[in-house]
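Working notes, beginning with the structure itself.
The values are calculated or read from the model by the stated rules, or taken from the named source; none is laboratory data. Predicted, not measured: the structure shown is a model, and the values here were computed from it. Every residue, glycine as well, gets a Cβ built from its backbone with ideal geometry; the counts of neighbours run over all protein chains shown.
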Amino acid sequence: MKKKLRFLLPVALLLGLLLSGCSTKAPEYNAKKPLGPQINYTITGIDAGAGIMATTQKALTEYGLTKDNWQLQTSSTAAMTSTLDKAIRHHEPIVITGWQPHWMFTKYPIKFLKDPKHVYGKSENIHTIVRKGLKQDKPEAYEMLDRFHWTPTEMSQVMIQVNNGKDPERAAKEWIQAHPDQVKSWTKGIKKVSGHPTLKMTYVAWDSEIASTNVVAEVLRGLGYKVTIQAMEMQPMWASIATNVADAQVAAWLPTTSAKYYHDYQGKFVDLGTNLKGARVGLAVPKYMTNINSIEDLKNNE
Ligand code: PBE
């Protein structure tokens, strides 16, 4: 009997733990209570290297949130969007690092928080950055890269396909097929190159950059280049262009999000200007958090 008890007790304890685990679902958002304690003063972020993480740290300081114990949790885009998905299904409170273009704004009812101090800047453009000397070495590629530009809506069309499980290269090819006039405006009059010269693009595997990099790579392949694309962290991506290891990247969110690397490597790359106008970066919350509309509200809600 004693022996049996010794065996049963831990089993019972474990069962109890499991059952209580199931019932301690995080509580729904309560607009009448301060927000901070409801989410453990935590903003759900993405990969440590992202510009939005550095800007959010700055926002926490500038809005006086750091001293109130607010913190930014590092994870990944995939982990953040899955946490957001779960929170929304259960009507739970959550604050995330958000940006546009991204399918999170199409898929979920979320809103940007106002940023009266403009820590995240008013709006962002995405620039194309190439290595020095590309214009002389590969003028046809340079010309196409210089002309490349599209809209947030167009970029989203590719992103959503990839989010639905389509292979990025396939999604890029299909987008190109469906937009012949747009693509022609990037390539018209450019001579096809012979001998399959190589061209290397680097990028960070954010959804937006997976879309743009694959589309540009496909268009350059159409011009005769043997294009490779390589995903890496943000700092090595900038370094790859600065050291001529790679030819181009189309992932520079400016003037704020990529500012650190833009300044660190200034003079060691060529900025071909905007390829997408009207991107946006900030903090975001589900729309059912009706009384949280500004970053200031995280504070006032203490
Ligand atoms: N993002 C997407 C990136 C740039 C593209 C906003 C997550 C960042 O550096 O934060």
- With criteria (1) within 23 Å of LYS299 (Cα to Cα); (2) at pLDDT below 95, ALA87 comes up short on (2)
- Query: Which condition does TRP103 not pass, out of (1) in contact (Cβ under 8 Å) with a residue 40 or more places away in the chain; (2) away from the ligand (no atom under 14 Å from the Cβ), if it passes all the others?
  - Reply: (2)
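Within 16 Å of the ligand (Cβ to nearest atom) and either part of a loop (DSSP other than H, G, I, E, B) or farther than 20 Å from ASP137 by Cα (or both): is that true of GLY189 in this structure? Outline the logic, then answer.
Numbers: within 16 Å of the ligand (Cβ to nearest atom): no; either part of a loop (DSSP other than H, G, I, E, B) or farther than 20 Å from ASP137 by Cα (or both): yes.
So GLY189 fails the test.
Which fully enclosed strands (runs of 3 or more DSSP E) of the range 73-148 have 3 or more residues being farther than 16 Å from LEU276 by Cα? Write out each step before concluding.
Details: elements: 96-100, 110-112, 124-130.
By residue number, 96-100, 110-112.
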- Counting only residues that are of a type in the set (Val, Ile, Thr) and more than 16 Å from the ligand (Cβ to nearest atom), which one in the range 242-271 is surrounded by the most Cβ atoms within 10 Å (Cβ to Cβ)? VAL270
- Here are LYS122, LYS114, LYS107: which of them is under 30 Å from GLY267 (Cα atoms) and among the charged types (D, E, K, R)? LYS122
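In the range 203-241, which residue that is charged (D, E, K, R) and more than 16 Å from the ligand (Cβ to nearest atom) is surrounded by the most Cβ atoms within 10 Å (Cβ to Cβ)?
So in the range 203-241, the residues charged (D, E, K, R) come out as 207, 209, 218, 221, 226, 233.
In the following step, the residues that additionally are more than 16 Å from the ligand (Cβ to nearest atom) were identified as 218, 221, 226.
Numbers: GLU218: 22, ARG221: 17, LYS226: 13.
Step by step, filter the range 203-241, then rank; the result is GLU218.
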- Note on the structure: Quick count over the range 48-76, residues being in contact with a Ser or Thr (Cβ under 6 Å, 6 or more places away or on another chain) and among the aliphatic types (A, V, I, L, M), is 4
- Scan the range 252-292 for residues that are more than 22 Å from the chain's Cα centre (by Cα), of a type outside the set (Lys, Arg) and more than 30 Å from HIS90 (Cα to Cα) and jot them down. GLN266, GLY267, PHE269, VAL270
- Task: For ALA26, work out the one condition from (1) modelled with pLDDT under 95; (2) part of a helix (DSSP H, G or I); (3) not charged (D, E, K, R) it doesn't fulfil.
- Result: (2)
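Name the single residue that is surrounded by the fewest Cβ atoms within 10 Å (Cβ to Cβ) among those in the range 272-295 being of a type in the set (D, E, K, R) and part of a strand (DSSP E or B).
Within the range 272-295, the first condition is being of a type in the set (D, E, K, R), and the residues that meet it are 277, 280, 287.
Next, only the ones that are part of a strand (DSSP E or B) stay: 277, 280.
On the way: LYS277: 13, ARG280: 19.
This residue is LYS277.
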- Message: For the structure I just gave you, tell me whether VAL204 is aliphatic (A, V, I, L, M) and either modelled with pLDDT under 95 or under 16 Å from the mean Cα position of the chain (by Cα) (or both).
- Response: yes
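Could you check how many residues of the range 115-126 are more than 18 Å from MET159 (Cα to Cα) and surrounded by 14 or more Cβ atoms within 10 Å (Cβ to Cβ)? Give the steps one after another, and end with the answer.
First, the residues of the range 115-126 that are more than 18 Å from MET159 (Cα to Cα): 115-124.
Subset that is surrounded by 14 or more Cβ atoms within 10 Å (Cβ to Cβ): 115, 119-121, 124.
Final tally of qualifying residues: 5.
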- Note on the structure: Filtering the range 31-66 down to residues that are touching a residue at least 24 places away in the same chain (Cβ under 8 Å) and either away from the ligand (no atom under 16 Å from the Cβ) or within 10 Å of PRO93 (Cβ to Cβ) (or both) yields ALA31, PRO34, LEU35, GLY36, GLN38, ILE39, TYR41, THR42, GLU62, TYR63, GLY64, LEU65
